[in-house]
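Undergrad: I have a structure I would like to understand better, so I am pasting it below and will then ask my questions one at a time.
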Amino acid sequence: MSALQVNNEQPRRRGGCLRSCLIAFAIYIGLSILLGVLFDDMFTQPTVKVADNAVYKLELTGNLVEQGAQSNPFMELMNGMPGYNHAATTGLDQILANIELAEHNDKIKGIYLHDGRMAMSPASAKAIRDRLELFKQRSGKWIIAYSDGYNATNYYVASVADRIYLNPIGNVGWHGLAAEKMYMTRLLEKIGVEIQILKVGTYKSAVEPYFRTSMSEADRQQTLLYLQGIWDEYRAAVSRSRGIDEQKLEQYADEYMDILPAELYVERHMVDTLVYREEMDEVLRVMSGTKDYKLMTTSKLNQVERSQSKAPNKIAVLYAEGTIMGDDGEGITAKEILKQMKKISKDEKVKAVVFRVNSPGGSADASEEIWHGVKTLQAKGLPVVVSMGDLAASGGYYISCGADYIYAEPTTLTGSIGIFGTIPNVKKLREKLGLDMDGVGTNKHALMEVEMITQGMNSEETAMMQAMIERGYDLFTRRCAEGRKMTQDDIKKIAEGRVWLGKDALGIGLVDELGNIDAAIAKAAELAQVEEYAIEYYPEAVDQMQEMIKMFYGDQSDEEKLIARVKTLAKEPKVLMIMEPVTIR
């Protein structure tokens, strides 16, 4: 009887489970649809109309990147909450597009440059400043600037304004430019780690922090030269806009203007008027000719509908920003770039490509893959024009050199044609910790990859690895020679890891012309022989959901990035083409 009861009950339990699962599944589907509609509404960009008597409030704060993300309503909401401090990220592409909108839209009366400590590099700063100058010349509209304090790069941008306002206790960071690097040699010695260096290039200084305690003379020379070139651009531009003699500006810098009384900035015509932030309301009323002016930020103007070109042809603009990697990680991954290139090549309306490069370099293998991707686009009849951003150095130059035409800004950092490998030797650290290693292999060098790290390289292994590095350098210089239509020997004379400013790279044949991304787009259209065209950007702007996740979980901390880098170095020997970024102050 009990067995019969069990047999009778079993099907009922199964049926109940099935019904429960179906109900749960139905609820899940219903909630998914509901949430999908809600999120779609949240993330669908409302079309914003330009208000009457509008003023473009261009916030010079936060971080500047090449390609801006879509506006994130959650981020904007969180940034208004007490205790939440998330550095705003703005795209250079967004700023330039909005300045153009302000130029042509009659409702926008002028531009208000607000704050002055945006993290941006000299080439991006010049692109913004040049576009602001063009805005004034073409539209006849006004530009004013206000800040509690300017750094040199932001003051260089703000100096284009008709009037510069400063907080009465504010300052202008005008003391010249300097570069700093951190050297880790003594720290590594203390913990028992040696970084085994293999490189080609006298000026290839990215590895110096691992075996030196100060700058080499070669690195000191090249760093001072490009800093001087950037400073010369800043000083000349400020002199033109503010009507201050360049020699006077040099004198002011030597006096370390940052800590001098604000009244002196007015006396020396570095700024026009000292006012408090709330007093700028009256200034804006006077400038716009009405008390009913409306400030429109970059995020708001991003949502203004632009007229879509109906031209039958397209110019593709492909962005590549960050460190060059293989398949994973942030920055430029060969996998993603090649995916975008494939999409571009499949669109029959695309007639040419502008490859916007902003990179210090990275993986040699990935750089070669991306170089080949450029050649594949060309083989399909698509002219490729490179537009260099803040830097296109080392691997960043490698992926650029095969283009049909190369543009750089005068202050772009480029070149650094060199190659190196780094292999950590943890033998002393291992011995300190009491760790012993032993193993067997079927062939002479079966354990070489591991023992180079745990035991250090012997003379034979060093020679083998150096030969690999030199083959990489030979390929790098050969790629440059082919792309630039020069001999390999001529390329080697200007290589050696040497970093050049764009204006100097022009003189030695590494770039074809100085100009911004607009010039590159016009050149691409010329090479493709098309007069009417639309511009399509690759990849698409960052998804808002991804931005929201970053808002809550954040990016990797500096410590996490450092740990990840050490793990990568320890995993296997890497051949790198990279220019180690320096801090310019």
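Undergrad: Answer yes or no: is there a residue in the stretch 300-315 that is free of Cβ contacts under 8 Å to residues at least 60 places away in the same chain and more than 27 Å from GLU100 (Cα to Cα).
TA: There is no residue in the stretch 300-315 that is free of Cβ contacts under 8 Å to residues at least 60 places away in the same chain and more than 27 Å from GLU100 (Cα to Cα).
Undergrad: Looking at the stretch 436-455, can you tell me whether even one residue there is β-branched (Val, Ile, Thr), buried (at least 24 other Cβ atoms within 10 Å of the Cβ) and touching a Leu at 6+ places or on another chain (Cβ under 9 Å)? Walk me through how you get there before you give the answer.
TA: Step one: filter the stretch 436-455 for residues β-branched (Val, Ile, Thr), giving 440, 442, 450, 453-454.
Retained after the next criterion (residues that are buried (at least 24 other Cβ atoms within 10 Å of the Cβ)): none.
Within the stretch 436-455, not a single residue is β-branched (Val, Ile, Thr), buried (at least 24 other Cβ atoms within 10 Å of the Cβ) and touching a Leu at 6+ places or on another chain (Cβ under 9 Å).
Undergrad: Could you please let me know if ARG129 is surrounded by fewer than 23 Cβ atoms within 10 Å (Cβ to Cβ), over 30 Å from ILE469 (Cα atoms) and more than 24 Å from the chain's Cα centre (by Cα)? Explain how you work it out, then say what you get.
TA: Numbers: surrounded by fewer than 23 Cβ atoms within 10 Å (Cβ to Cβ): yes; over 30 Å from ILE469 (Cα atoms): yes; more than 24 Å from the chain's Cα centre (by Cα): no.
So ARG129 does not fit the description; no.
Undergrad: Within the stretch 264-279, is even one residue among the charged types (D, E, K, R), under 30 Å from ALA534 (Cβ atoms) and either touching a helix residue (DSSP H, G or I) at 6+ places or on another chain (Cβ under 6 Å) or surrounded by fewer than 19 Cβ atoms within 10 Å (Cβ to Cβ) (or both)? Working first, answer last.
TA: Filtering the stretch 264-279 down to residues among the charged types (D, E, K, R) leaves 267-268, 272, 277-279.
Now restrict to residues that are under 30 Å from ALA534 (Cβ atoms): none.
No, the stretch 264-279 has no match at all.
Undergrad: Related question: So for the stretch 186-197 (the condition being within 30 Å of MET120 (Cα to Cα) and among the basic types (Lys, Arg)), does at least one residue qualify? Can you show your working first?
TA: Quick first cut of the stretch 186-197, residues within 30 Å of MET120 (Cα to Cα) only: none.
No, the stretch 186-197 has no match at all.
Undergrad: Shifting gears a bit: Tell me, yes or no, whether the stretch 206-213 has at least one residue that is surrounded by 15 or more Cβ atoms within 10 Å (Cβ to Cβ), small (Gly, Ala, Ser), touching a residue at least 12 places away in the same chain (Cβ under 8 Å) and in a helix (DSSP H, G or I).
TA: Yes, the stretch 206-213 contains at least one residue that is surrounded by 15 or more Cβ atoms within 10 Å (Cβ to Cβ), small (Gly, Ala, Ser), touching a residue at least 12 places away in the same chain (Cβ under 8 Å) and in a helix (DSSP H, G or I).
Undergrad: Quick one: what pairs do we get from the stretch 342-355, first residue touching a residue at least 24 places away in the same chain (Cβ under 8 Å), second open to solvent by 100 Å² or more (accessible area, probe 1.4 Å) and assigned to a helix (DSSP H, G or I), C-beta under 9 Å, 6+ apart or different chains?
TA: Cβ pairs passing all conditions: ALA352/GLU526.
Undergrad: For the stretch 300-311, does any single residue satisfy the condition of being over 14 Å from ALA51 (Cα atoms), in a helix (DSSP H, G or I) and in contact with a Phe, Trp or Tyr (Cβ under 9 Å, 6 or more places away or on another chain)?
TA: no
Undergrad: Checking the condition without any contact (Cβ under 8 Å) to a residue 12 or more places away in the chain, open to solvent by less than 20 Å² (accessible area, probe 1.4 Å), within 15 Å of ASP404 (Cα to Cα) and of a type in the set (A, V, I, L, M, F, W, C), which residue from ALA481, ALA520 passes? If you could, list the steps in order and put the result at the bottom.
TA: Values: ALA520 fails: without any contact (Cβ under 8 Å) to a residue 12 or more places away in the chain.
Just a single option satisfies the conditions, and that option is ALA481.
Undergrad: Scan the stretch 149-169 and tell me whether some residue there is surrounded by fewer than 18 Cβ atoms within 10 Å (Cβ to Cβ), charged (D, E, K, R) and within 26 Å of the chain's Cα centre (by Cα).
TA: no
Undergrad: Out of all the residues in the stretch 368-386, is one or more open to solvent by less than 30 Å² (accessible area, probe 1.4 Å) and either touching a His at 6+ places or on another chain (Cβ under 7 Å) or more than 26 Å from LEU514 (Cα to Cα) (or both)? Working first, answer last.
TA: Applying the first criterion (open to solvent by less than 30 Å² (accessible area, probe 1.4 Å)) to the stretch 368-386 yields 370-371, 373-374, 377, 382-386.
This time we only want the ones that are either touching a His at 6+ places or on another chain (Cβ under 7 Å) or more than 26 Å from LEU514 (Cα to Cα) (or both), so: none.
Looking through the stretch 368-386, none of the residues is open to solvent by less than 30 Å² (accessible area, probe 1.4 Å) and either touching a His at 6+ places or on another chain (Cβ under 7 Å) or more than 26 Å from LEU514 (Cα to Cα) (or both).
Undergrad: Can you pull out the residues in the stretch 484-508 that are part of a helix (DSSP H, G or I) and more than 29 Å from ASP232 (Cβ to Cβ)? Working first, answer last.
TA: First pass over the stretch 484-508, keeping only residues part of a helix (DSSP H, G or I): 484, 488-493, 502-507.
Within the stretch 484-508, GLN488, ASP489 qualify.
Undergrad: Just to be sure, is ALA528 open to solvent by less than 60 Å² (accessible area, probe 1.4 Å), more than 25 Å from the chain's Cα centre (by Cα) and farther than 15 Å from LYS199 by Cβ? Full working, then the answer.
TA: Working: open to solvent by less than 60 Å² (accessible area, probe 1.4 Å): yes; more than 25 Å from the chain's Cα centre (by Cα): yes; farther than 15 Å from LYS199 by Cβ: yes.
Taking the combined requirement at face value, the residue satisfies it.
Undergrad: Now for a separate question. Just for strands (runs of 3 or more DSSP E) wholly inside the stretch 21-138: which have at least 3 residues that are under 30 Å from ASP390 (Cα atoms) and at pLDDT 90 or above? Please lay out each step first, then the result.
TA: Values: elements: 54-59, 63-65, 89-91, 108-114.
Hits in the stretch 21-138: 54-59, 63-65, 108-114.
Undergrad: So which residues in the stretch 234-250 are in contact (Cβ under 8 Å) with a residue 12 or more places away in the chain and among the hydrophobic types (A, V, I, L, M, F, W, C), if there are any at all? First the steps, then the outcome.
TA: Let us first name the residues in the stretch 234-250 that are in contact (Cβ under 8 Å) with a residue 12 or more places away in the chain, namely 234-235, 237-238, 241-244, 248-250.
Once the filter is applied, which keeps residues that are in contact (Cβ under 8 Å) with a residue 12 or more places away in the chain and among the hydrophobic types (A, V, I, L, M, F, W, C), the stretch 234-250 yields ALA237, VAL238, ILE244, LEU249.
Undergrad: PRO261 is checked against (1) more than 30 Å from GLY140 (Cα to Cα); (2) within 30 Å of the chain's Cα centre (by Cα) and fails just one. What number does that condition carry?
TA: Every listed condition holds for PRO261 apart from (2).
Undergrad: Which residue is surrounded by the fewest Cβ atoms within 10 Å (Cβ to Cβ), if the candidates are limited to the stretch 170-205 and must be of a type in the set (Val, Ile, Thr) and over 29 Å from the mean Cα position of the chain (by Cα)? Break it down into steps so the answer makes sense when it comes.
TA: Of all residues in the stretch 170-205, those of a type in the set (Val, Ile, Thr) come to 172, 185, 191, 193, 195, 197, 200, 202.
Filter again for over 29 Å from the mean Cα position of the chain (by Cα), leaving 191, 193.
Working: ILE191: 11, VAL193: 19.
Residue satisfying both the conditions and the ranking: ILE191.
Undergrad: Right, here's the next one. Any residue in the stretch 423-437 that is in a loop (DSSP other than H, G, I, E, B) sitting within a Cβ distance under 6 Å of a residue that is surrounded by 15 or more Cβ atoms within 10 Å (Cβ to Cβ)? List the pairs, counting only those 6 or more apart or interchain.
TA: These pairs meet every condition: VAL426/VAL193; MET437/THR454.
The values are calculated or read from the model by the stated rules, or taken from the named source; none is laboratory data. Worth saying up front: this structure is predicted, and the values here are computed from it rather than measured. Neighbour counts are summed over all protein chains in view; Cβ atoms, including those assigned to glycine, are modelled from backbone coordinates with ideal geometry. Note: areas computed on protein heavy atoms with side chains; ligands, DNA, RNA excluded. Shrake-Rupley method; radii C 1.70, N 1.55, O 1.52, S 1.80 Å.
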